[in-house]
Amino acid sequence: YQGLNLFVDEGDAGDEYNFSPPEDNKVVTNKGCRASIGIEKGNTFSRATVKLNLLLPEGLSKDRKSRKKRMVRCPVRIIYTLYRGIPRLDVKVSIENRARDHRLRVLFPTGIRASKSVAASHFGVIEREIGVERWDDSWIEVPQPTKPMKGWVDLSDGIKGFMIASKGLPEYEATPEGEIYLTLLRCVRWLSRDDLRTRRIRAGPTLQTPEAQCPGRHKFEYSIIPHTSSWDNALQLAHQFIYSPQSFETSGAKNSDTLSFISLTPPLIVSSMKKAENSGELVIRFYNPTERKIEGKLNCAFEVEEIRTANLREKESSIEGVEITERREREITLQVAPYKIVTLKLKIKRVEK
């Protein structure tokens, strides 16, 4: 892959509800920009730190139809980290935003010609046709190619795939040419306006919101994950990045080489684990985000005395499409139907001291 993580900045004459480009929309990138590059190598990682300055138009013109000619300097630092044995490139970006009325995105030209994008959503994934749906002048809003995501987006042609996982960045765009745009900043001055090119009427009161210009320093984290075949081949790497492990010291504990409190066979995804509201049982909720039936194994670091299925309110209930096929003291084998949410209540066997 070439040209990944290109910064693309354009004018935004919209409001907090909708993006709207000015009529004369000057687009700025960092292609050909001078930069300083530092390399660091350790036993378990290699790291490149890139420092550059984005020269961006200061804001919009008085008539809001173009971007100002006066430019401001926005310092950017990018840290690329590659860990040994992990096929994923982690990216940290910090930027000092001194410009107004603009949208800043990063571009990943993958070259993968896919008809659909796949993005994480609540308890599953969403496939979306790439492009903009047909519309006419009766529509209040002009359809936009940007779409929401919850953690990651993926393009795949069935042979190779390309995933971007992010921490807290909820918007992407996928193009028919195989490009992925990830939105970093949208900087506007108004809660709502009635002169947008992408919406015919106001969406709310016309109030100035200067802090929505997002001035000052911002930090972003995302990861580049090339993979083979389908998106579920990269799912575990994405979740390991989004939900990074935390370390702390303990005393008096006997440590084995590896130990998981619980582990679940991918692509089944754990969404929550907590103590039951009305008992001392452990509640574990997970789901199957795929369109196929999955056999999974739930392994526990403790012995399970009793296991029951429950609904989302933690009331004991049978769940259609879920079958416990084998049960041992520390391992439970399940068959989970497509797109199914599963809640289990585990009664942990008490250990006599």
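The values are calculated or read from the model by the stated rules, or taken from the named source; none is laboratory data. On a predicted model such as this, the values are computed, not experimentally measured, just so you know. We place every Cβ from the backbone using ideal geometry, glycine too, and count neighbours over all the protein chains shown. Surface accessibility is based on the protein's heavy atoms, side chains included, excluding ligands, DNA and RNA. Shrake-Rupley method; radii C 1.70, N 1.55, O 1.52, S 1.80 Å.
Looking at the range 82-109, which of the residues that are β-branched (Val, Ile, Thr) and open to solvent by less than 10 Å² (accessible area, probe 1.4 Å) is nearest to LEU54 (Cα to Cα)? For the range 82-109, the residue satisfying everything is ILE95. Looking only at residues of the range 306-341 that are on the phi < 0 side of the Ramachandran plot and touching a residue at least 60 places away in the same chain (Cβ under 8 Å), we find that the one that is surrounded by the most Cβ atoms within 10 Å (Cβ to Cβ) is VAL336. Residues being open to solvent by less than 10 Å² (accessible area, probe 1.4 Å), under 20 Å from ILE78 (Cβ atoms) and of a type outside the set (Phe, Trp, Tyr) are represented in the range 177-184 by at least one member.
Let me confirm something: among TYR80, TYR17, TYR1, which residue is among the aromatic types (Phe, Trp, Tyr), in a strand (DSSP E or B) and touching a residue at least 24 places away in the same chain (Cβ under 8 Å)? Testing whether each residue is among the aromatic types (Phe, Trp, Tyr), in a strand (DSSP E or B) and touching a residue at least 24 places away in the same chain (Cβ under 8 Å) leaves just TYR80.
Working only within the range 127-158, note down all residues that are hydrophobic (A, V, I, L, M, F, W, C) and under 15 Å from GLU173 (Cβ atoms).
ILE130, VAL132, VAL142, MET149, TRP152, VAL153, LEU155 - these are the residues of the range 127-158 that are hydrophobic (A, V, I, L, M, F, W, C) and under 15 Å from GLU173 (Cβ atoms).
Answer yes if at least one residue in the range 139-149 is more than 27 Å from SER20 (Cβ to Cβ) and of a type in the set (Val, Ile, Thr), and no otherwise.
Within the range 139-149, not a single residue is more than 27 Å from SER20 (Cβ to Cβ) and of a type in the set (Val, Ile, Thr).
Among the residues of this structure, GLY158 does not count as one that is without any contact (Cβ under 8 Å) to a residue 60 or more places away in the chain and over 16 Å from LEU107 (Cβ atoms).
When the residues of the range 38-58 are filtered to those that are farther than 16 Å from LEU89 by Cβ and touching a Ser or Thr at 6+ places or on another chain (Cβ under 7 Å), which remaining residue is surrounded by the fewest Cβ atoms within 10 Å (Cβ to Cβ)? So the residue we want is GLY38. Of the residues making up the range 117-168, those that are open to solvent by 40 Å² or more (accessible area, probe 1.4 Å), assigned to a strand (DSSP E or B) and under 29 Å from LEU312 (Cβ atoms) are ILE126, GLU127, ARG128, LYS147, PRO148. Would you confirm whether any residue within the range 27-37 is surrounded by fewer than 17 Cβ atoms within 10 Å (Cβ to Cβ), in contact with a strand residue (DSSP E or B) (Cβ under 9 Å, 6 or more places away or on another chain), of a type in the set (D, E, K, R) and assigned to a strand (DSSP E or B)? Looking through the range 27-37, none of the residues is surrounded by fewer than 17 Cβ atoms within 10 Å (Cβ to Cβ), in contact with a strand residue (DSSP E or B) (Cβ under 9 Å, 6 or more places away or on another chain), of a type in the set (D, E, K, R) and assigned to a strand (DSSP E or B).
When THR29 is tested against (1) in contact with an Asp or Glu (Cβ under 7 Å, 6 or more places away or on another chain); (2) under 22 Å from ILE180 (Cβ atoms), exactly one condition is not met: (1).
So that you can scan it fast, the table gives a plain yes or no per residue for (1) in contact with a Leu (Cβ under 7 Å, 6 or more places away or on another chain); (2) at pLDDT 95 or above; (3) within 29 Å of LEU237 (Cα to Cα):
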residue	(1), (2), (3)
GLY14	yes, yes, no
LYS51	no, yes, yes
GLY59	no, yes, no
ARG70	no, yes, no
LEU82	yes, yes, yes
ARG88	yes, yes, yes
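Regarding LEU196, is this residue surrounded by 19 or more Cβ atoms within 10 Å (Cβ to Cβ), modelled with pLDDT of 95 or more and not in a loop (DSSP other than H, G, I, E, B)? So LEU196 fails the test. Taking the criterion of being over 19 Å from ILE224 (Cα atoms) and either part of a strand (DSSP E or B) or not hydrophobic (A, V, I, L, M, F, W, C) (or both), the residues of the range 94-115 that qualify are ILE95, GLU96, ASN97, ARG98, ARG100, ASP101, HIS102, ARG103, SER115.
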